[in-house]
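The values are calculated or read from the model by the stated rules, or taken from the named source; none is laboratory data. What you see is a predicted model; the values in this text were computed from it and never measured. Every residue, glycine among them, receives a Cβ derived from its backbone with ideal geometry; neighbour counts consider all protein chains shown. Keep in mind that these areas ignore ligands, DNA and RNA; they rest on the heavy atoms of the full protein, side chains included. Shrake-Rupley method; radii C 1.70, N 1.55, O 1.52, S 1.80 Å.
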Amino acid sequence: MRLGDADDAPVRSWTLSDHDDAPDHYRLTVKRLAGGTGSARLHEIGARGGTVWLRPPSGRFTLKRDGFMRVVLISAGIGVTPMLAMLKAHRARRDSPPPLVWIHQARSGETHVFAAAAKDAALAHVFYSAPRESDAGHEAGRLGAERLREILAPAYTTSPFGREIELPGIYSDVYVCGPAPFEAMVRDALTAMGVPPGQIRSESFVPAAQPEPVIAQARVDFGGVIAQWTESANPSLLELAETAGLAPGFGCRSGSCGACESTLVSGSVEHSPSPAIPLAAGRILLCCARPASDVVIALD
């Protein structure tokens, strides 16, 4: 999303929290951060009825809608946003959907975004780390590995093909979204329980660690602007372009939004993390790409 008409307007990516069945309306739920350029600008545009420029929705953190295993949503804070869209998509299944469990961590009822949605979910476990007197009915404290096991380890029943069967709790499709320490704790706890890694999907709030370089140095030609990439600095191609005085569009800086997609004219690159959207031949994402040879790049 480009926040305004100007060429140098900030570009950001956020998660959809709701959508219409006919995909012509989408809802974003964005927390306004103190000192946050993107979130503050979006709130200002919304208040005055301004214009933003959008790319189509993309990314791989989406609900598997044809599975028969239990769906488990685990979120913290503003990580609730993708869970709302997944909950809606799950309920819209035309077959007999498998059971769903939603586990959410918030500070209190005051900061619990979309609290009513959790009340509507049949199997919801809500934790408040600093509950108020009026927050009765929710679990006090922070979600931990032991409590996660208590909720998810027991067997459950599901009805694929119209026949009821019982499955061990570890066989669930799990979706996790929250701050990095929360995501790491949940993933470690699920792995210790025996949940297969392929059944755990997550959306991180921060980019992944940088990859190990495959070459010591490379010449990078950004359409006539030449920059030297080195192993010691190991910047992404987006960071290198910015150092060279260029201003490519970007949003997430983690390979999720596609805003920095550009053309690789010659040479080769390595992506880490892997792009969340399929790329056509000769296309790269600057924010998670590093040169594997001398390269020529046409910025879009």
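Per-residue 3J(HN,Hα) values for region 227-242, derived from phi via the Karplus relation 6.51 cos²θ - 1.76 cosθ + 1.60 with θ = phi - 60°, read 9, 9, 8, 10, 5, 5, 7, 6, x, 5, 5, 5, 5, 5, 4, 5 Hz in sequence order (x marks Gly and Pro). You can think of it this way: the chain between Ile170 and Ala130 has 11.4 nm of extra reach, that is 0.36 nm per residue less the Cα-Cα gap.
Considering every alpha-carbon pair of region 164-300, the percent of pairs per 10 Å bin, from zero through the bin containing the longest distance, is 11, 36, 25, 17, 8, 2, 0. For the pair Val296 and His43, the difference between a 0.36 nm per residue extended length and the Cα-Cα distance amounts to 87.3 nm.
Kindly express, to the nearest 10 degrees and within the range 0 to 90, the angle between helix 180-193's C-alpha long axis and the longest C-alpha principal axis of the chain. Approximately 50 degrees, to the nearest 10.
Proximity of backbone amide H atoms, modeled 1.01 Å from N, is registered between Asp294 and Arg219 at under 5 Å, excluding neighbours fewer than 5 places apart on the same chain. For region 129-206, the Cβ-based charge dipole about the Cα centre amounts to some 140 debye (Lys, Arg positive; Asp, Glu negative; other atoms uncharged). Think of the chain as a dipole: +1 on every Lys or Arg Cβ, -1 on every Asp or Glu Cβ, centred on the Cα centre; then among Gln105, Ala259, Ala244, Gln105 lies furthest on the positive end.
Dividing the Cα radius of gyration of region 103-192 by its Kirkwood radius returns 1.01 for Rg/Rh.
Extension gain, Thr157 to Ala89, is 22.4 nm, computed as 0.36 nm per intervening residue step minus the present C-alpha separation. When the solvent-accessible area of the chain is split by element, carbon and sulfur atoms take up 52 percent of it, the probe being 1.4 Å. Sequence-ordered 3J(HN,Hα) estimates for region 255-269 from the Karplus curve with 6.51, -1.76 and 1.60 and θ = phi - 60° stand at x, 9, 9, x, 5, 9, 4, 9, 9, 8, 6, 7, x, 9, 9 Hz, glycine and proline given as x. Oblate is the label for region 240-281, because the ratio a/c of its alpha-carbon gyration tensor axes (a ≥ b ≥ c) is 1.5 or higher and a/b is not greater than b/c.
Using Cβ point charges alone (K and R +1, D and E -1), the dipole size of the chain about the Cα centre works out to roughly 540 debye. Rounded to the nearest angstrom and listed largest first, the equivalent-ellipsoid semi-axes of the chain from its Cα gyration tensor are 38, 23, 19.
In the chain, helical runs assigned H by DSSP with n ≥ 4 each contribute -39500 (n - 2.57); averaged across all residues and rounded to the nearest 500, the mean residue ellipticity at 222 nm is -5500 deg cm²/dmol.
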